[in-house]
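Only one structure is covered here, and it is reproduced in the block below.
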Amino acid sequence: MSVAGLKKQFYKASQLVSEKVGGAEGTKLDDDFKEMEKKVDVTSKAVVEVLARTIEYLQPNPASRAKLTMLNTVSKIRGQVKNPGYPQSEGLLGECMIRHGKELGGESNFGDALLDAGESMKRLAEVKDSLDIEVKQNFIDPLQNLCDKDLKEIQHHLKKLEGRRLDFDYKKKRQGRIPDEELRQAMEKFEESKEVAETSMHNLLETDIEQVSQLSALVDAQLDYHRQAVQILDELADKLKRRMREGSSRPRREYKPKPREAFELGEPEQPNGGFPCATAPKVTGSSSFRSSDKPIRTPSRSMRSMAEGAALLGGSGEQGWGAASAPPAAGQVEARTLRPPPAPLDQPSCKALYDFEPENDGELGFREGDIITLTNQIDENWYEGLLHGQSGFFPLSYVEVLVPLPQ
């Protein structure tokens, strides 16, 4: 920076301190300018918040909403009808209905109805995709462009105007000690910046009809979506009512129980007077506890404690439940009991309380007991974390925070 530039920065800083601390009066802008500046500030806040709420309206799921913000700019998909990049809740519901409808088969009234409803839900998802694309192209993209260009340019002009005002006021207070030509140049630059800022704000406020047009495009896209959704749901309702009539008119099949087998009483063969029964298979460590029919694990931490205790006392399942085995060697017991504790955590992390299976793109799956590194908090219900090199989002209710994120 040149010497003249350093002097100008010094003048601005000195004038700002004298106004903030010493209560010095600066050059006042006219009331019309201040009113225009206030309207621009309100417009800027409105555009920013409406943009955020519109994205939340399109995709309430926080994980999918975070992915939506990482998509390419809307201009890259303008004119293209394709999936916006995240799953719709209607589509997920439709896939679930179709899957279970096929499992129930064509002989089930409920199964056929699930297939009809599933196809309709998938059509609703496609219509919702079209709504998202239309809203992003005709509403979100223009408002984002307004924030990135017009409003940012106005803020630049206002900041430049404030700097030149401070420079002019500093030199005006020292009139006589500063050359008149330098004071005249400072006043001209201040007036020039004021005119530029005023013109840019006037142009923005006078062309707000463009924002009205963009809002109209949003409403048109919503109307088109709801018309198509009503048509799809009307067709589905007619199909379900028709199936109800057909099912009611169809004769019911009577249940005929199978005849019971005759049971002859004979001499008891058991020493306790009971009746003979099939011999129970002998339970050994190599048969029962190696079976592939494992019980479903419930999200209980007490089961893990019991399993760890059994491992310390009896080793594997064969030794703990099967035939008697030799006691472990002294060195083995010492190695188990004197195992060092895990290293302390030195970064934001949490511990999984239950298994979490991801259902949407962007979500992070994990198992009970996993230690997840926390990288960000999306909102009060969702975290973003890192596990085994994979990053994604997960609900707070499934984990216990060990080291919280810094505030």
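Some notes on this structure:
- Search result, residues across the stretch 354-407 that are assigned to a strand (DSSP E or B) and among the hydroxyl-bearing types (Ser, Thr, Tyr): Thr373, Thr375, Tyr383, Ser391
- Any hit, the stretch 8-18, residues being loosely packed, with under 14 Cβ neighbours inside 10 Å, in contact with an Asp or Glu (Cβ under 7 Å, 6 or more places away or on another chain) and at pLDDT below 80: no
- When the stretch 168-192 is limited to residues that are part of a loop (DSSP other than H, G, I, E, B) and open to solvent by less than 90 Å² (accessible area, probe 1.4 Å), the one that is farthest from Ser18 (Cα to Cα) turns out to be Pro179.
- Residue, farthest from Gln185 (Cα to Cα), within the stretch 19-33, restricted to residues that are surrounded by 11 or more Cβ atoms within 10 Å (Cβ to Cβ), modelled with pLDDT of 75 or more and of a type outside the set (A, V, I, L, M): Phe33
- Qualifying residue in the stretch 354-368 (condition: touching a Gly at 6+ places or on another chain (Cβ under 8 Å), over 30 Å from Gly94 (Cβ atoms) and at pLDDT 90 or above): no
- Hits in the stretch 193-208 - residues which are open to solvent by 30 Å² or more (accessible area, probe 1.4 Å), among the polar types (S, T, N, Q) and closer than 20 Å to Ala46 by Cα: Asn203, Thr207
- Filter result for Gly331 (over 30 Å from the mean Cα position of the chain (by Cα), surrounded by 14 or more Cβ atoms within 10 Å (Cβ to Cβ) and modelled with pLDDT under 90): no
- Residue in the stretch 36-49 that is modelled with pLDDT under 90, within 26 Å of Gln144 (Cα to Cα) and among the basic types (Lys, Arg) present: no
- Count - residues of the stretch 369-407 that are surrounded by fewer than 19 Cβ atoms within 10 Å (Cβ to Cβ) and either of a type in the set (A, V, I, L, M, F, W, C) or more than 25 Å from Ala52 (Cβ to Cβ) (or both): 18
- The stretch 100-125, residues that are in a helix (DSSP H, G or I), free of Cβ contacts under 8 Å to residues at least 12 places away in the same chain and open to solvent by 30 Å² or more (accessible area, probe 1.4 Å): Glu103, Leu104, Phe110
The values are calculated or read from the model by the stated rules, or taken from the named source; none is laboratory data. Fair warning: this is a prediction, and the values are worked out from it, not measured in the lab. Heads up, the Cβs are rebuilt from the backbone with ideal geometry, glycines too, and the neighbour counts pull from every protein chain shown. Note: areas computed on protein heavy atoms with side chains; ligands, DNA, RNA excluded. Shrake-Rupley method; radii C 1.70, N 1.55, O 1.52, S 1.80 Å.
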